[in-house]
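Report on the following structure.
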Amino acid sequence: MNLTQKIIKAHLVDGEPTAGGSIALTIDQTLTQDSTGTMAYLQFEAMNIGRVKTKRSVAYIDHNTLQSGFENADDHAYIQSVALKHGIAVSKPGNGICHQVHLERFSVPGQTLLGSDSHTPTCGGVGMLAIGAGGLDVAVAMGGEPLHLTMPKVTGVRLVGALQKNASAKDIILEVLRRLTVKGGVGRVMEYFGAGVESLTVPQRATIANMGAELGATTSIFPSDKRTREFLRAQGRENDFTELLPDPGCAYDEVLEIDLSALKPMAACPHSPDAVKTIKEIGPVRVDQVCIGSCTNSSYSDLMRAAAILKGKTVHPLVSLTVSPGSKQVFSMLASNGALADLINAGARILECACGPCIGMGQSPKTDAVSVRTFNRNFYARSGTRSAGVYLVSPETAAFTALTGVLTDPSDYPEIASVPQPERFLINDNLILNPGDFKDIEVVRGPNIKPFPKAERLADTVTGKALITLPDNITTDHIMPSNAGLLPYRSNIPYLADYCLNPADPDFAERAKKEGGGFIVAGENYGQGSSREHAALAPLYLKIRAVLAKSFARIHRDNLINNGILPLVFENAADYDNVSPGDELVIENARAQIENGAVITVKNKTEKREYKTVLELTPRLKAIILAGGVLASLAGR
Ligand code: MIC
Ligand code: SF4
C-alpha cells in the first residue's frame with residue numbers, strides 16, 4: 001500500500017477505498033480559523049452537539065486581526081467563548097497562522113485532520129492526512145461524524161536529486177503547478193516519495209503540502225521518517241512520532257517525477273498560481289512591494305534565510321518590504337537570536353504573525369503595482385488592489401528582489417548557508433487556551449453576528465434566469481471577495497451578499513436581488529481556492545438555485561451541496577456557449593430527476609434548447625440536496 005491508502009484504511013468506517021468510490025473516514029483532529037470559524041460555530045451550535053467528540057479540536061484566530069472596528073474583536077470573543085464551552089482549544093491572536101502553529105504544536109503522523117481552511121494539508125508535511133473543507137463539514141466532524149468523500153486517486157510524486165544553489169521548496173511546488181495546473185490535482189492526493197524527499201526538512205515539506213491546495217488536490221502527504229522525528233523532537237513532542245512509509249514497490253494511480261537538481265528559481269505570474277515561469281524567463285520586472293510570510297513560507301528557516309540575505313543591507317528605495325512570521329514561536333526565536341533586528345535594520349516592516357496581506361488584511365499595494373510575495377495565491381483582486389499584479393516566489397527570491405528592486409534570480413548570488421533545524425524550538429504555548437481550564441463559559445455574541453441563511457427544501461420546479469456567465473477558473477475570491485473591508489462581515493451574510501461576484505461583475509448582487517435569484521453559469525474549475533462557505537452562503541442568500549459549470553473545485557462543490565444549491569456539470573461542455581445571461585432556465589420535476597439518476601435536464605425557455613447536466617450524488621448527498629442542505633437533512637434524521 002502507499003501511505004495514503006494506509007491512513008485511509010486505518011480510518012475507514014464506510015465504503016470501498018477504490019478511486020472514485022465513496023468513503024467515510026473518522027476524523028481525529030479539526031481546526032478552524034476565525035474567518036470561517038464564526039460561521040462554523042454558529043452551525044455547530046445549531047446542531048446541538050454539546051462537547052466535541054474529536055481527539056483534538058483547535059480554534060485559531062489568525063485571519064481577521066486588523067480590528068478596524070468592533071466586528072473582528074466581537075468575532076474573536078464569540079469564537080473564544082463558544083470554543084471553550086464545547087471543549088475546543090483556542091489559539092489566541094498573536095499565536096500565529098493556524099497551519100504553521102498546528103504543524104508545530106499539534107500535528108501527529110498518521111492521524112486525520114479536517115480544517116475549515118483550504119491550506120489544512122500543510123500538516124501533510126509530517127504524514128498527516130489533512131484535508132480542507134467548508135465550515136459545515138468541520139462542524140459535523142467536531143460532532144463525531146465521519147467525513148464523507150470520494151476516494152481520490154493517489155498521484156505519486158517521485159523526487160530525485162537535491163535542490164541546487166538558493167533554490168527552494170517553493171520552487172518544487174511551483175514546478176508541480178507548472179506541470180499540472182490549478183485543476184490538475186482535483187480528485188487526487190499528491191503523495192511525495194523518492195530519495196529527494198529525504199533531503200527535505202519538515203518545514204520544506206509543509207511548504208509543498210500547503211500549496212498543493214492550489215492544484216485543487218484533496219490533500220498532499222509526505223512520509224513520516226527520521227526528519228519527522230527530528231522535527232517533533234525539537235518541538236518537544238517525540239512521543240507523537242510514528243514512522244509511516246509507503247510499502248516498497250507500492251503502486252500509485254499515476255507517477256510524476258521531479259529532478260530537484262534541475263529546478264531553477266521560479267515565480268507564478270499574475271493572476272494564477274499555475275502561470276509559472278523561471279525568474280530568468282520573466283526577466284527583471286520592476287517591483288514596488290515584497291511580502292514575506294503566509295502559511296506557505298513563514299517557518300523559522302524561511303525567515304532566517306531571508307534575514308541572512310538582508311543582513312547589513314537596505315531594501316531598495318522604491319520597495320516596501322513586509323515580513324509576517326508564521327507563529328509566535330518563529331517570531332520569538334528571530335527576536336532572541338538577532339535575526340529580527342537584521343530584518344528591521346534592512347528596512348522591513350514587521351507585521352504581526354497572522355495572515356495579513358495574504359488575505360488582503362492591510363498592505364494593499366499601490367495602483368498598478370508589482371507585488372512579489374512568498375504566498376500561495378495571486379488571484380485577481382485578492383491583494384485588495386485590482387490593478388496590481390502579484391508574483392508568487394520563494395523567500396530567497398523575495399529577499400534578493402527586495403534589495404535590487406527588480407525580480408531577481410537568487411541562483412545568481414552566492415549560496416546562502418543552510419539554516420540547521422534548532423535542537424529545540426522555543427516552546428511556549430501560553431497563547432493556547434485549554435478548555436479544561438475554563439468553567440461556566442457564557443457565549444458572547446456581538447451585534448454583527450447575524451443568523452446565517454438556511455436553504456429551503458428543494459422545489460419540484462427550479463426556475464430562474466441565467467444571471468451571469470463566467471469563464472474558467474473563477475475563484476472563491478471572485479465569488480465572495482475578502483479584504484480588510486469585507487472580512488469583518490464574515491458573520492453577516494446579508495451584508496456580504498452585496499459583494500457576491502463583485503470582482504467579476506459589480507452589478508451581480510443587485511441583479512440577483514431584482515430577479516429574485518436564478519442560475520450562475522461557469523466554465524471549468526468553478527470555485528477554486530478558499531474553503532470559505534460564504535461563497536455558497538452569499539449565493540444562497542441571493543436565492544441562487546443552481547450553478548451550471550463545466551467542472552467544479554472539490555470544496556466549493558461540497559459547500560454548494562451542503563447549502564442546498566445544485567452543482568450541475570454540463571454533460572456536453574459546448575453547451576456552455578449556448579446559454580446567455582438573461583435566458584430563462586427551468587428544471588422540471590427536479591426532485592424526481594435527482595431521485596432517479598445522475599442526469600438532470602435543464603431547459604432554456606428563451607433559446608428553446610435543452611441541456612443535459614450531470615449531478616453525481618451518493619445517497620447521503622442526495623438526501624442533503626433534497627432536504628435543502630446538511631442542517632435540514634441532519635434535523636430530519
Ligand atoms: C485563503 O487563503 O483564501 C483563506 C482566507 O485562508 C481561506 C479561508 C477563508 O476564506 O476564510 C482558505 O484558504 O480556505
Ligand atoms: Fe492565511 Fe493566506 Fe494561509 Fe489563507 S493562504 S491561511 S489567508 S496565510
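The values are calculated or read from the model by the stated rules, or taken from the named source; none is laboratory data. Quick caveat, the model's predicted, so the values are computed rather than measured. Here the Cβ is made from the backbone with ideal geometry for all residues, glycine too, and neighbour counts use every protein chain on show.
Each residue in the range 87-112 was checked for being in contact with a helix residue (DSSP H, G or I) (Cβ under 7 Å, 6 or more places away or on another chain) and more than 16 Å from ligand 2 (Cβ to nearest atom), and 8 pass.
Select, from Ala346, Ala306, the only residue that is under 29 Å from His102 (Cβ atoms), in contact with a helix residue (DSSP H, G or I) (Cβ under 8 Å, 6 or more places away or on another chain) and away from ligand 1 (no atom under 16 Å from the Cβ). Exactly one of Ala346, Ala306 is under 29 Å from His102 (Cβ atoms), in contact with a helix residue (DSSP H, G or I) (Cβ under 8 Å, 6 or more places away or on another chain) and away from ligand 1 (no atom under 16 Å from the Cβ), namely Ala306. So, Gly115, is that one under 19 Å from His11 (Cβ atoms), buried (at least 24 other Cβ atoms within 10 Å of the Cβ), more than 15 Å from ligand 2 (Cβ to nearest atom) and at pLDDT 95 or above or not? So Gly115 does not fit the description; no.
So, of the residues in the range 100-136 that are among the polar types (S, T, N, Q) and within 20 Å of Val330 (Cβ to Cβ), which turns out to be farthest from ligand 1 (Cβ to nearest atom)? By that ranking, first place goes to Ser107.
Every residue, every condition in (1) within 21 Å of Leu634 (Cα to Cα); (2) of a type in the set (A, V, I, L, M); (3) at pLDDT 95 or above; (4) away from ligand 1 (no atom under 14 Å from the Cβ), yes or no:
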position: Ser35; (1), (2), (3), (4): no, no, yes, no
position: Gly50; (1), (2), (3), (4): yes, no, no, yes
position: Ser57; (1), (2), (3), (4): no, no, yes, yes
position: Ile61; (1), (2), (3), (4): no, yes, yes, no
position: Tyr78; (1), (2), (3), (4): no, no, yes, yes
position: Ala83; (1), (2), (3), (4): no, yes, yes, yes
position: Lys92; (1), (2), (3), (4): no, no, yes, yes
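The residue pairs whose first member lies in the range 241-267 and is surrounded by 14 or more Cβ atoms within 10 Å (Cβ to Cβ), whose second member is hydroxyl-bearing (Ser, Thr, Tyr) and not in a helix (DSSP H, G or I), and whose beta carbons are closer than 6 Å, counting only pairs six or more residues apart or on different chains, are Leu244/Ser224; Lys264/Thr278; Met266/Thr278; Ala267/Tyr391. For the range 308-337, taking the residues that are touching a residue at least 60 places away in the same chain (Cβ under 8 Å), more than 16 Å from ligand 2 (Cβ to nearest atom) and among the small types (Gly, Ala, Ser), the one that is nearest to Lys366 (Cα to Cα) is identified as Ala308. Scanning the range 525-552 for residues that are under 22 Å from His119 (Cβ atoms) and more than 16 Å from ligand 2 (Cβ to nearest atom), we see that the one that is surrounded by the most Cβ atoms within 10 Å (Cβ to Cβ) is Ala536. Of all the numbered requirements in (1) touching a strand residue (DSSP E or B) at 6+ places or on another chain (Cβ under 7 Å); (2) within 15 Å of Val547 (Cα to Cα), Thr606 misses one, and that requirement is (2). The residue that is modelled with the lowest pLDDT, counting only those in the range 440-462 that are β-branched (Val, Ile, Thr) and touching a Phe, Trp or Tyr at 6+ places or on another chain (Cβ under 9 Å), is Ile449. Can Leu177 be described as under 18 Å from the mean Cα position of the chain (by Cα) and either more than 16 Å from ligand 1 (Cβ to nearest atom) or crowded, with 22+ Cβ neighbours inside 10 Å (or both)? Here the answer is yes, as Leu177 does meet what is asked. Give the residue that is nearest to Leu621 (Cα to Cα), with candidates limited to residues of the range 1-25 that are touching a Leu at 6+ places or on another chain (Cβ under 8 Å) and not in a helix (DSSP H, G or I). Applying the filter and picking the extreme gives Ser22. Here the helices (runs of 4 or more DSSP H) wholly within the range 469-562 that include at least 2 residues being farther than 22 Å from Gly360 by Cα and at pLDDT 95 or above are 508-515, 534-541, 554-562.
Among residues of the range 579-593 that are in a loop (DSSP other than H, G, I, E, B), those with a Cβ under 7 angstrom from a residue that is of a type in the set (Gly, Ala, Ser), sequence gap 6+ or separate chain, pair up as Val579/Ala466; Ser580/Ala466; Pro581/Ala466; Gly582/Ala466; Asp583/Ala466.
Note on the range 29-52: among residues that are in a loop (DSSP other than H, G, I, E, B) and in contact (Cβ under 8 Å) with a residue 12 or more places away in the chain, the one that is farthest from ligand 2 (Cβ to nearest atom) is Gly50. Inspect all residues belonging to the range 597-604 and state whether any of them is crowded, with 19+ Cβ neighbours inside 10 Å and within 29 Å of Asp137 (Cα to Cα). Yes, the conditions are met somewhere in the range 597-604. For the range 208-262, a residue qualifies if it is touching a Pro at 6+ places or on another chain (Cβ under 6 Å), within 16 Å of ligand 1 (Cβ to nearest atom) and not in a helix (DSSP H, G or I), and the qualifying residues are Thr218, Thr219, Ser220.
Beta carbons closer than 6 Å, at least 6 apart along the sequence or on distinct chains, pair a first residue in the range 386-414 that is within 16 Å of Met304 (Cα to Cα) with a second that is assigned to a helix (DSSP H, G or I) and of a type in the set (Phe, Trp, Tyr) for Pro410/Phe400.
Number of residues in the range 30-77 that are under 17 Å from the mean Cα position of the chain (by Cα) and not hydroxyl-bearing (Ser, Thr, Tyr) equals 12.
I'd like the residue in the range 338-391 that is part of a helix (DSSP H, G or I), surrounded by 19 or more Cβ atoms within 10 Å (Cβ to Cβ) and of a type in the set (A, V, I, L, M, F, W, C) and, out of all such residues, is farthest from ligand 2 (Cβ to nearest atom). Only one residue fits best here, namely Ala346.
Residues that are crowded, with 20+ Cβ neighbours inside 10 Å, part of a helix (DSSP H, G or I) and in contact with a Phe, Trp or Tyr (Cβ under 8 Å, 6 or more places away or on another chain) do occur in the range 302-315, at least one of them. No other residue among Leu626, Leu634, Leu617 is assigned to a loop (DSSP other than H, G, I, E, B) and farther than 18 Å from Asp577 by Cβ apart from Leu617.
Remark: Ser57 matches the filter, which requires a residue to be outside any helix (DSSP H, G or I) and closer than 26 Å to Ser107 by Cβ.
Restricting the range 198-212 to residues that are hydrophobic (A, V, I, L, M, F, W, C) and touching a helix residue (DSSP H, G or I) at 6+ places or on another chain (Cβ under 6 Å) leaves a set whose member that is nearest to ligand 2 (Cβ to nearest atom) is Met211.
The single condition among (1) of a type in the set (D, E, K, R); (2) within 18 Å of Asn210 (Cβ to Cβ); (3) part of a helix (DSSP H, G or I) that Asp137 does not meet is (2).
Here Val521 clears all of (1) more than 21 Å from the chain's Cα centre (by Cα); (2) surrounded by fewer than 24 Cβ atoms within 10 Å (Cβ to Cβ) except the condition numbered (2).
State yes or no: is Ala335 part of a loop (DSSP other than H, G, I, E, B) and either at pLDDT 95 or above or in contact with a Phe, Trp or Tyr (Cβ under 6 Å, 6 or more places away or on another chain) (or both)? It is false that Ala335 is part of a loop (DSSP other than H, G, I, E, B) and either at pLDDT 95 or above or in contact with a Phe, Trp or Tyr (Cβ under 6 Å, 6 or more places away or on another chain) (or both).
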